[in-house]
Amino acid sequence: MILLLFILTLDPRYHTRDEVAHELDSIARSYPDITMLDTIGYSSFDSIPLLGLKISDNPAADEDEPAVLYIGCHHAEEILGIEICMYMISELTSNYSTDSTITGWIDDREIWFVPLMNPDGHSVVMAPPETLWRDTTWRDNKSDNNNSGFFELEYDGVDLNRNYDFYWTEGGSTDPTSEFYIGPHSFSENETRAIRDLTYANNFTFCITYHSARYGLTEVVYFPWDWEGGFSPDFPFIRTIADTISKRIIRDSGIGYYSALPGQGLDGRARNWLYGVCGVFTYCIEVGTTTILPASMVDDLCQRNLPGAYYLLERVSECGITGHIYDSLTGEPLSAEVIIHNYYDPNLPPRKSDPQYGRFLRILKPGTYDIEIRKHGYASIYYDDMQITDGRMTEFDILMSRTGGEMPAPILQKKINVRPNPSSHNVLIEIDDGMALSSLTVYDVSGRLVKNFENPDRRVIWQGVDEQNRAVAEGIYWLLGRSEEERTIQKIVLLKGSFNQ
């Protein structure tokens with residue numbers, strides 16, 4: 001009788017759709033300096049705003065920082081993921097500036113949440129008991145499969161976690177009446193397109209998509225992939241992280257920890273598309289022992305899941321390679337392919353650096369790797385036996401020469417200091433003692449030469465003028481230093497102000 005009452009009336013501890021929206025809005029208003037609430041799309045049937053919340057120290061800016069994504073409620077009945085996301089959002093925002101670890105994450109990361117990806121389906125689960133179309137086991141959204149103009153439990157809905165454009169026809173059903181219906185075509189649903197566009201707009205390193213199983217294995221961390229006896233190209237690195245996540249989450253029973261398993265097969269699930277197409281290390285966590293737990297267990301479940309979620313915010317800076325790729329002549333950021341030999345599948349889309357900043361970031365384990373940087377029209381660059389150590393990212397910037405040009409050498413550390421930067425007055429350029437530059441050149445963003453310093457001293461002052469001693473406009477400029485063996489590059493931001501002082 002108690003169980004029946006629980007099923008008929010969901011406890012108010014669980015967020016309704018409106019409560020999610022109101023709480024996110026309240027948090028965004030309370031913490032405007034570190035949050036940005038965005039409508040990333042609208043649901044397929046009811047046109048409900050799909051809300052994404054970004055937490056970062058400059059939330060309105062797209063900064064050159066690693067990004068992590070958390071998604072709740074692909075499947076409507078799996079409402080525990082909503083609660084974990086909302087719990088995490090509250091803890092991160094309320095502890096900024098008082099907790100040094102959380103403050104560091106927010107200052108140095110871009111953290112995105114989509115707590116309620118499926119608001120249409122969620123409304124079916126959360127509807128009052130007397131509602132005819134209420135179903136606490138509803139999985140899909142409310143797409144009008146038979147074009148009747150209204151929602152029908154027997155015919156409608158698409159399984160959003162089978163609708164992504166990666167082996168889309170595998171693993172689900174083409175029957176519109178099935179709860180595993182893959183949709184009329186890949187990305188047919190507004191909800192999955194919203195996640196697609198958010199992912200394309202942000203260079204995510206990690207993602208967790210929260211689920212909770214009605215059947216099958218529970219309390220498990222799935223990761224890409226085991227398919228026809230072959231594994232994902234980054235399998236050793238993805239698996240190690242999954243193992244660590246799982247060992248940080250205590251089971252509902254209080255005994256033991258979650259398991260970590262590769263997903264069997266390839267299909268249109270979010271984790272496969274996010275990794276296979278976009279290169280995002282994505283983990284599907286089946287939280288709890290069923291889809292809807294008694295309200296008394298919800299806060300405890302959220303607290304037990306946070307160490308696993310937070311680990312990704314730590315791991316993004318712990319072991320791997322990162323840096324920037326630039327055109328050696330213009331200093332322009334380049335979107336170039338970064339290949340880790342022996343951990344590479346040419347059948348997958350290339351893993352490229354971010355076109356806005358030229359930033360690349362690849363998660364690895366300690367060891368020795370052969371790395372290739374490749375871009376059409378440029379000479380490829382090779383690093384043989386690069387040693388990667390634990391506890392930090394190996395950072396280096398790369399200058400690529402157009403085909404037929406001089407082969408630039410990589411810079412393994414910054415050897416020019418620029419201050420102040422941004423600047424509204426004279427810019428002091430300091431060159432490290434260990435680097436003898438033959439030239440120091442300033443370019444604008446279009447690649448035009450602005451100012452050249454031949455045989456520069458250790459300290460150079462740029463007064464914001466060009467070769468004709470004319471003041472230049474505010475904006476972004478690139479400082480390129482050259483020696484016989486090395487090159488280095490720095491970005492300078494000029495603001496409105498008074499130069500030649």
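Evaluation of I84 against the conditions (1) touching an Asp or Glu at 6+ places or on another chain (Cβ under 8 Å); (2) under 21 Å from T290 (Cβ atoms) shows that the sole unmet condition is (1). Taking the criterion of being at pLDDT below 95 and either in a helix (DSSP H, G or I) or of a type in the set (F, W, Y) (or both), the only residue of the range 268-295 that qualifies is A295. Regarding the range 356-373, can at least one residue be identified that is of a type outside the set (D, E), at pLDDT below 95 and surrounded by fewer than 14 Cβ atoms within 10 Å (Cβ to Cβ)? Yes, there is a match, as at least one residue in the range 356-373 is of a type outside the set (D, E), at pLDDT below 95 and surrounded by fewer than 14 Cβ atoms within 10 Å (Cβ to Cβ).
For the range 202-234, which positions are among the aromatic types (F, W, Y) and in contact with a Phe, Trp or Tyr (Cβ under 8 Å, 6 or more places away or on another chain)?
Result: F204, F206, Y210, Y222, F223, W225, F231.
When you check I27 against the structure, is it touching a Pro at 6+ places or on another chain (Cβ under 9 Å), among the aliphatic types (A, V, I, L, M) and more than 28 Å from F187 (Cα to Cα), yes or no? No. The sole residue among P350, P408 that is touching a Lys or Arg at 6+ places or on another chain (Cβ under 9 Å), outside any strand (DSSP E or B) and modelled with pLDDT under 85 is P408.
Elements of the type strands (runs of 3 or more DSSP E) sitting completely within the range 442-483 and holding at least 2 residues that are surrounded by 17 or more Cβ atoms within 10 Å (Cβ to Cβ), at pLDDT below 85 and over 32 Å from the mean Cα position of the chain (by Cα): these cover 475-482.
Entry remark, the range 91-111: residues being buried (at least 23 other Cβ atoms within 10 Å of the Cβ) and either over 16 Å from the mean Cα position of the chain (by Cα) or not assigned by TED's automatic domain parsing to the domain that holds R134 (or both) number 1 in total. Of the helices (runs of 4 or more DSSP H) lying entirely inside the range 67-152, those containing at least 2 residues that are within 19 Å of T192 (Cβ to Cβ) and either among the hydroxyl-bearing types (S, T, Y) or in contact with a helix residue (DSSP H, G or I) (Cβ under 7 Å, 6 or more places away or on another chain) (or both) span 119-126.
Please verify whether the range 374-384 includes one or more residues that are under 16 Å from V280 (Cα atoms) and free of Cβ contacts under 8 Å to residues at least 24 places away in the same chain. So far as the range 374-384 goes, no, none of its residues is under 16 Å from V280 (Cα atoms) and free of Cβ contacts under 8 Å to residues at least 24 places away in the same chain.
When Y310, Y258, Y275, Y283 are checked against the criterion of being surrounded by fewer than 23 Cβ atoms within 10 Å (Cβ to Cβ) and among the aromatic types (F, W, Y), Y310 stands alone in meeting it.
Residues checked against (1) buried (at least 17 other Cβ atoms within 10 Å of the Cβ); (2) closer than 30 Å to D252 by Cα:
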position	(1), (2)
L69	yes, yes
C73	yes, yes
G81	yes, yes
F113	yes, yes
G121	yes, yes
M126	yes, yes
E152	no, no
N163	yes, no
T169	no, no
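Checked against (1) modelled with pLDDT under 95; (2) of a type in the set (A, V, I, L, M, F, W, C); (3) under 29 Å from C73 (Cβ atoms); (4) under 24 Å from the mean Cα position of the chain (by Cα), I325 passes all but condition (3).
Residues are listed down the side, and each one gets a yes or a no for (1) under 25 Å from P307 (Cα atoms); (2) surrounded by 19 or more Cβ atoms within 10 Å (Cβ to Cβ); (3) touching a strand residue (DSSP E or B) at 6+ places or on another chain (Cβ under 7 Å):
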{"residue": "H22", "(1), (2), (3)": "no, no, no"}
{"residue": "D25", "(1), (2), (3)": "no, no, yes"}
{"residue": "A28", "(1), (2), (3)": "yes, yes, yes"}
{"residue": "G52", "(1), (2), (3)": "yes, yes, yes"}
{"residue": "M86", "(1), (2), (3)": "yes, yes, no"}
{"residue": "I89", "(1), (2), (3)": "yes, yes, yes"}
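The condition of being in the same structural domain as Y275 (by TED's automatic domain parsing), touching a strand residue (DSSP E or B) at 6+ places or on another chain (Cβ under 9 Å) and not basic (K, R) holds for only one of D197, D165, that being D197. Screening the range 215-239 for residues that are closer than 19 Å to E77 by Cα and in a loop (DSSP other than H, G, I, E, B) and picking the one that is nearest to the chain's Cα centre (by Cα) gives E219. Here the condition is being under 15 Å from T322 (Cα atoms) and outside any strand (DSSP E or B); of D345, D390, D370, it holds for D390 alone. Considering (1) at pLDDT 80 or above; (2) surrounded by 14 or more Cβ atoms within 10 Å (Cβ to Cβ); (3) not assigned by TED's automatic domain parsing to the domain that holds I339, the lone condition that M386 does not fulfil carries the number (3).
Would you check if there is a residue in the range 40-52 being outside any loop (DSSP other than H, G, I, E, B), out of contact with any Lys or Arg (no Cβ under 8 Å at 6 or more places or on another chain), more than 28 Å from R362 (Cα to Cα) and not aliphatic (A, V, I, L, M)? Before the answer, list the steps.
Our first condition is that a residue be outside any loop (DSSP other than H, G, I, E, B); within the range 40-52, this holds for 40-42, 49-52.
Then drop every residue that is not out of contact with any Lys or Arg (no Cβ under 8 Å at 6 or more places or on another chain), which leaves 40, 42, 49-52.
The next check asks that each one be more than 28 Å from R362 (Cα to Cα); those that pass are 42, 49-51.
From what is left, the residues that are not aliphatic (A, V, I, L, M) are 42, 49.
Looking through the range 40-52, at least one residue is outside any loop (DSSP other than H, G, I, E, B), out of contact with any Lys or Arg (no Cβ under 8 Å at 6 or more places or on another chain), more than 28 Å from R362 (Cα to Cα) and not aliphatic (A, V, I, L, M).
The values are calculated or read from the model by the stated rules, or taken from the named source; none is laboratory data. Worth saying up front: this structure is predicted, and the values here are computed from it rather than measured. Cβ atoms come from the backbone with ideal geometry, glycine included; neighbour counts cover every protein chain shown.
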